[in-house]
Amino acid sequence: MPNFVIPTPPVASLPVAGSEASFPVRRVYCIGRNYAAHAIEMGHDPDREPPFFFQKNPDNLDVSGEFPYPDHSNDVHHEVEMLVALKSGGRNIQLGDALDHVYGYGVALDMTRRDLQGEMKKMGRPWEIGKAFERSAPAGPVYPVSAVGHPTSGLVQLKVNGEVRQEGDLNQMIWKVPEMISYLSEYFELSAGDVILSGTPSGVGPVARGDSMEASVEGLGTLSLSVT
Ligand code: MN
């Protein structure tokens, strides 16, 4: 161990469902426009173009059950997504091997300062200011593959104040989990602790302070959050 000159930053982690143990997080990759209906609502062609990814920071993950409304935005949107947690990685992972690298799955939100993201898109600038802000990735526990297998279908839903806002099915993902892992591994060296947010179905929209959100993926529990 090096002798660090400042206290070492904490390792970001997610709880593991049914266990006292935690899943340590190294990187957070997010895929864009992975459901046709969401691509259309954002003004894009839903055709199967190559996938694209952006990143959030590991410490943007938040399991507190609270989402503090961030500054500098009047249009913060919910995006409910399935989280994929990797137990191993590598480069140029073949499609047929990709699922061997998955530790488990969970529910997460890709909270987005849509107004700031929109300005960045217009100027051709990076999206971090819209996507990778503090506590922008509320998440639930990771369910190990040993308990839930590899979900390929099932309801993905988000309610605000009890009203359904987003609804889709995992089987509608344009790029499936093995394809995302294989594709990412061509461009990045994947590793144990990497997580992938697998894209959101249609119905994204704004939240306000005082709202309650319930995000769920069938078989992976429900994440309840208050916007504060
Ligand atoms: Mn997203």
**Message:** Six or more apart or on different chains, Cβ atoms under 7 Å: show the pairs whose first residue is in segment 205-227 and of a type in the set (D, E) and whose second is open to solvent by 10 Å² or more (accessible area, probe 1.4 Å) and modelled with pLDDT of 95 or more.
**Reply:** D211/N161; E214/K159; E214/T222; E214/S224; E218/L155
**Request:** Kindly list the number of the only condition in (1) open to solvent by less than 30 Å² (accessible area, probe 1.4 Å); (2) within 16 Å of the ligand (Cβ to nearest atom); (3) not acidic (D, E) that fails for N57.
**Result:** (1)
**Prompt:** When only residues in segment 19-40 that are modelled with pLDDT of 95 or more and open to solvent by 30 Å² or more (accessible area, probe 1.4 Å) count, which is nearest to the ligand (Cβ to nearest atom)?
**Reply:** R27
**Complete:** Selection from segment 115-148 of residues of a type in the set (A, V, I, L, M) and in contact with a strand residue (DSSP E or B) (Cβ under 9 Å, 6 or more places away or on another chain) yields I129, A132, A137, A139, V142, V145, A147, V148
**Prompt:** Just checking, how many residues over segment 74-89 are away from the ligand (no atom under 16 Å from the Cβ) and part of a loop (DSSP other than H, G, I, E, B)?
**Reply:** 4
**Request:** Hey, can you tell me all the residues within segment 1-18 that are in contact (Cβ under 8 Å) with a residue 60 or more places away in the chain and either within 16 Å of the ligand (Cβ to nearest atom) or open to solvent by less than 90 Å² (accessible area, probe 1.4 Å) (or both)?
**Result:** L14, P15, V16, A17
**Request:** Looking only at segment 43-54, count how many residues are in contact (Cβ under 8 Å) with a residue 12 or more places away in the chain and within 16 Å of the ligand (Cβ to nearest atom).
**Result:** 5
**Message:** For the structure I just gave you, tell me whether S212 is within 16 Å of the ligand (Cβ to nearest atom) and surrounded by fewer than 21 Cβ atoms within 10 Å (Cβ to Cβ).
**Reply:** no
**Request:** Among the residues of segment 12-26, write down those that are assigned to a loop (DSSP other than H, G, I, E, B) and under 18 Å from the mean Cα position of the chain (by Cα).
**Result:** A12, A17, V25, R26
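The values are calculated or read from the model by the stated rules, or taken from the named source; none is laboratory data. Remember, it's a predicted structure, so these values are computed and weren't measured experimentally. As a convention, Cβ positions derive from the backbone with ideal geometry for all residues, glycine included, and neighbour counts pool all protein chains shown. When the accessible area is computed, the model is the full protein with side chains, heavy atoms only, and any ligands, DNA or RNA have been set aside. Shrake-Rupley method; radii C 1.70, N 1.55, O 1.52, S 1.80 Å.
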